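Structure record follows, encoded as structure tokens.
The values are calculated or read from the model by the stated rules, or taken from the named source; none is laboratory data. This is a predicted model, so every value here is computed, not measured. Methodologically, a virtual Cβ is constructed for each residue, glycine included, from the backbone with ideal geometry; neighbour enumeration extends over all protein chains shown. Surface accessibility is based on the protein's heavy atoms, side chains included, excluding ligands, DNA and RNA. Shrake-Rupley method; radii C 1.70, N 1.55, O 1.52, S 1.80 Å.
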Amino acid sequence: TDAAKLKTMAGEAALGHVEDGMRLGIGTGSTAEAFVRVLADRVHAGLDVVGVTTSDRTEALCRELGVPTATLETVPQLDLTIDGADEVDDRLRLIKGGGGALLREKIVAAASDRMLVIADASKKVDTLGAFPLPIEINGFGMMATYLAIQKAAANLGLEGDMILRRRGADPFITDSGHLILDASFSRIPDPEALSQALHQVPGVVEHGLFIGLASEAILASENGIETLTA
Ligand code: DER
């Protein structure tokens, strides 16, 4: 079972949580897209759902495959969000944002009664932080924001390179028009403290630490499916 099969396995397991008439949040990334593909098959077989997507990329895939979508303006409360993650710990705290959609993903997850994470089991970690933490920042005064983040992290004993995410030679621009710094803190023993500290920095729009949002995680490996609940 190669990586693509594991993503489909996780996506199919997530389908078991989807009921007729549900208002879904639909995540971004390759695992979320594997879920969209299996969801589309069930929609064509008669499943009645509507999805609020978390990126232009996911929106385009839903449109291509015929999954009905709506905006969070028209459907402000969702039953279930299904999304991927870059890291998951045993308290279902996540690092997300590898795909650059963390702001809309967090808004959609927060508007949902439940959030189901689907991922390859290799994303499970003891301590968050090996994956560089994506921090979405406003472009205004970027260096001032960079230095403020560095200081806030240092106050928590966290140090590491913070790199402006690029697409080719240009800075990566998110669907919401912001920039992303990827911060390699290596280990984040107190994600709550870092989350609060980052939210104190005015130029920080949002970050990839998802705390208290995921209600369950479906982890796929060669040995099958493992389900984590907090
Ligand atoms: O960007 C994101 O938050 C994605 O969900 C990412 O965390 C997981 O992407 P993947 O399923 O392609 O590994």
Between rounded, prolate and oblate, where does segment 1-120 land on the alpha carbon gyration tensor, with a ≥ b ≥ c its root eigenvalues, rounded for a/c under 1.5, else prolate if a/b exceeds b/c? rounded
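Counting only heavy atoms of protein chains, what accessible area per residue, in Å², does segment 24-149 have with a probe of 1.4 Å? Let's see the in-between values first.
Values: 4860 Å² over 126 residues.
With all protein chains present, segment 24-149 gives 39 Å² per residue.
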Over segment 103-228, what relative contact order in percent results from Cα pairs under 8 Å that are six or more residues apart? 41
Give me a comma-separated list of calculated 3J(HN,Hα) values for segment 143-152, in order, Karplus coefficients 6.51, -1.76, 1.60 applied at θ = phi - 60°, integers in Hz, x for any Gly or Pro. 5, 5, 5, 4, 5, 5, 5, 4, 5, 4
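Return the loop-located trypsin sites (Lys or Arg not before Pro) in segment 1-108 (DSSP other than H, G, I, E, B) with at most 16 other Cβ atoms within 10 Å of their own Cβ; answer none if there are none.
Numbers: sites: K5, K7, R23, R37, R42, R57, R63, R91, R93, K96, R104, K106; in loops: R91, R93, K96.
Sites meeting the loop and neighbour criteria: R91.
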Out of all DSSP beta bridges with both ends in the chain, state the antiparallel percent to the nearest 5. 55
Interchain or sequence-distant (5+) residues whose placed amide H lies within less than 5 Å of the amide H of G97 are D86
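Of all the accessible heavy-atom surface of segment 49-137, with the other protein chains kept in place and a 1.4 Å probe, what percent is carbon and sulfur? Walk me through the intermediate numbers first.
Numbers: 1600 of 3220 Å².
Carbon and sulfur together cover 50 percent of it.
Only helical DSSP H runs with n ≥ 4 go in: add -39500 (n - 2.57) per run for the chain, normalise by residue count and round the 222 nm mean residue ellipticity to 500 deg cm²/dmol.
Details: 6 runs with 70 residues, N = 230.
Taken over the chain, the calculation gives -9500 deg cm²/dmol.
Do you know the relative contact order of segment 1-71, to the nearest whole percent, from alpha carbon pairs under 8 angstrom that are 6+ apart?
Working: 98 pairs, mean separation 23.2, N = 71.
Rounded, it is 33 percent for segment 1-71.
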What percent does the relative contact order of the chain come to when contacts are Cα pairs within less than 8 Å and at least six residues apart? 23
Zero-based 10 Å bins, Cα pair distances in segment 73-230, whole percents: 11, 40, 35, 14, 1
Which percent of the accessible area of segment 179-228 is formed by carbon and sulfur heavy atoms (probe 1.4 angstrom)? 46
